[in-house]
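Working notes, structure below.
The values are calculated or read from the model by the stated rules, or taken from the named source; none is laboratory data. In this text, all values refer to a predicted model and were calculated from it rather than measured experimentally. Here the Cβ positions follow ideal geometry from the backbone for every residue, glycine too, while neighbour counts run over all protein chains shown.
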Amino acid sequence: MTYAQDPPQAGRVLDARLHLLDRQLLDVDDVPITTIDDLEVLGTDGDPDPSGGHAVLTSLLTGPVLGTRLFGGRPPSSRLERIRWSHVADVGTAVRLGIHGEELDATWVERWVRDHIIGRIPGGRHDPE
């Protein structure tokens, strides 16, 4: 008996829950940046609702989601930082990017804390000896 099969698709097939969500995001120097909180996908025809067929991942989303995980709901889309899928170099136990983390807006909170709080502590502007 012969079964109809989908035509082969270019690219890699990923299970979002298994391979991407809540994974550590590392930059090109293996410096931890953040975790992946959500994904932005489009249908293969460019439709924002990919429920009718195959989906194409366009961006990884990260942002302030702790409150929504504790109390429910969803953060506004404008509060989430988008990291283009084209920046992803490898998907393994962690997701590695092909760019430096300093180039992303996702690390602005850590940079602010480093510059305005940690940097004011005596000895906070250099590595320990």
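At a glance:
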read-out	value
Total residues in the range 53-111, condition among the basic types (Lys, Arg) and at pLDDT below 90	4
Any hit, the range 102-110, residues being out of contact with any strand residue (DSSP E or B) (no Cβ under 9 Å at 6 or more places or on another chain), assigned to a strand (DSSP E or B) and either without any contact (Cβ under 8 Å) to a residue 24 or more places away in the chain or within 30 Å of Val13 (Cα to Cα) (or both)	no
Residue in the range 112-124 that is assigned to a strand (DSSP E or B), at pLDDT 85 or above and not charged (D, E, K, R) present	no
Unmet criterion (only one of (1) modelled with pLDDT of 85 or more; (2) part of a loop (DSSP other than H, G, I, E, B)) for Thr34	(2)
